[in-house]
Amino acid sequence: MADDVSSVLIDGPWTHRMLAANGARFHVVEAGRDSEGPLVLLLHGFPEFWWAWRHQIPALADAGYRVVAMDLRGYGASDKPPQGYDTFTLAADAAAVVRCLGVRSAVVAGHGWGGWIAWAMATMQPDVTQGVAAFGMPHPLVLRQASRADPRQIRANGYLWSMQTPFLPERAMSSGPRYTHKLMRAWSGDDAWPDAGLVERYAGALTLPFVAHSAAEYYRWVVRSVLRSDGRRMVNRLSQPVPVPALLVHGAADGCVLTESTRGSQAYCRGGYREERLPGVGHFVPEQAPDEATRILLDWLPGVAQR
């Protein structure tokens, strides 16, 4: 098991920072800090950390944007507290990071769980959210409905149900690269992806102390909240119209969130909606199709971000 966070502090054309926000410390990677362009906040998914956005960070900075990719609560070099893995707190984390960076608002782009949080910020943290770009994640209530009504999505959610047992998911995630390779290969829809180096990097990050437990807690909350008052409050808040421009980018070969489960997000959007579907691409769009993901973002951002 990895015993420190040095493995996620990877050098590149960016700067590593630690920020105190919303009662925790968050690791962020920043590029384009001296730019006068607007802030783009990047949120990763499972089983990743900020590195999932390594292709987009320098490209967005070169295009004139200030770019920040953060390790979500419980991941990478950010704090791993025992609580706070509900959607309200996760949206508040991201909003607090934006404010800590000294700006009023940001465009929030997220993949997987990061996309879920980005959607939530539009109605839970509207004052700091200029726009929402979600990769591999439709509006949360769309996915929630598909997870109840679509037998194929219910089967694809097998990983979600497995996370509800105590201890066993943590052991599996901490056991080495086999778990990470199997999950990422199934979700990618590509028998040649990911390569061994990427699997090793993400598998190593999952073995950092408390990361496996934190990752499981995301999934445990989203299931257990269905019958609780905080879950009902989440649904009520997410039912409100998204008031900012929204972008959904989805891989047609996604084995985690099936294509059929993404239809209907536009019904929640009143600030403008754009949807892109990428043939032959799986769940990990920013990494499996980095050039296309970057191109779509750069094409969409000028009409959204305020300078």
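The values are calculated or read from the model by the stated rules, or taken from the named source; none is laboratory data. Quick caveat: nothing in here was measured; it's all calculated off a predicted structure. In this analysis, Cβ positions are derived from the backbone assuming ideal geometry, glycine residues included, and neighbour counts consider all displayed protein chains. Note: accessible area is taken over every heavy atom of the protein model, side chains too, but ligands, DNA and RNA are not part of it. Shrake-Rupley method; radii C 1.70, N 1.55, O 1.52, S 1.80 Å.
Listed highest first by mean packing, meaning other Cβ atoms within 10 Å per residue, what order do 32-44, 273-285 come in?
32-44, 273-285
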*Rounded D (µm²/s) - the stretch 1-93, Kirkwood Rh over Cα pairs, Stokes-Einstein at 20 °C, 1.002 mPa s*: 156 µm²/s
*For the chain, build the charge dipole from Cβ charges (+1 Lys, Arg; -1 Asp, Glu) around the Cα centre, then report which of Gly231, Ala77, Phe88 sits farthest towards its positive end.*
Gly231
*Which order do Val8, Val223 take by accessible area at a 1.4 Å probe, largest first?*
Val223, Val8
*Overall dimensions of the stretch 221-304 as given by Cα atoms, namely Rg and Dmax in Å*: 15.1, 42
*Take each uninterrupted DSSP H stretch in the chain, measure its Cα extent along the helix axis, and return the ones at 24 Å or beyond whose mean Kyte-Doolittle hydropathy is at least -0.5.*
none
*Given the protein chains as shown and a 1.4 Å probe, how many square angstrom of Cys100 are accessible, to the nearest 10?*
60 Å²
*Compare Arg263, Arg185, Arg178 by solvent-accessible area with a 1.4 Å probe and give them largest first, with all protein chains kept in place.*
Arg178, Arg263, Arg185
_Within a Gaussian network of the chain (alpha carbon springs, distance under 10 Å), most fluctuating of Val242, Val226, Val68_ = Val226
*asked:* Suppose the chain between Asp34 and Arg263 were pulled fully straight at 0.36 nm per residue; how much longer would it get relative to their current alpha carbon spacing?
replied: 78.5 nm
*Consider the candidate values (1) -0.75, -1.28; (2) -0.59, -1.44; (3) -0.68, -1.39; state which one is log10 I(q)/I(0) by the Debye sum over Cα atoms at q = 0.11, 0.16 Å⁻¹ computed from the structure displayed.*
(2)
*Rank-order 70-81, 198-209, 141-152 by packing density, defined as the average count of other C-beta atoms within 10 Å over each peptide's residues, highest first.*
70-81, 198-209, 141-152
*For the chain, what is the accessible area per residue in Å², given a 1.4 Å probe and the full set of protein chains?*
40 Å²
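Suppose accessible area is computed on protein heavy atoms with a 1.4 Å probe; arrange Trp187, Trp14 from highest to lowest. Please list the in-between numbers first.
Values: Trp187 15, Trp14 35 Å².
Solvent-accessible surface, decreasing: Trp14, Trp187.
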*How much of the accessible area of the chain, in percent, comes from carbon and sulfur atoms when a 1.4 Å probe is used?*
51 percent
*Whole-Hz couplings from phi, Karplus 6.51/-1.76/1.60, listed for the stretch 166-174; x for Gly and Pro*: x, 6, 4, x, 4, 5, 5, 5, 8
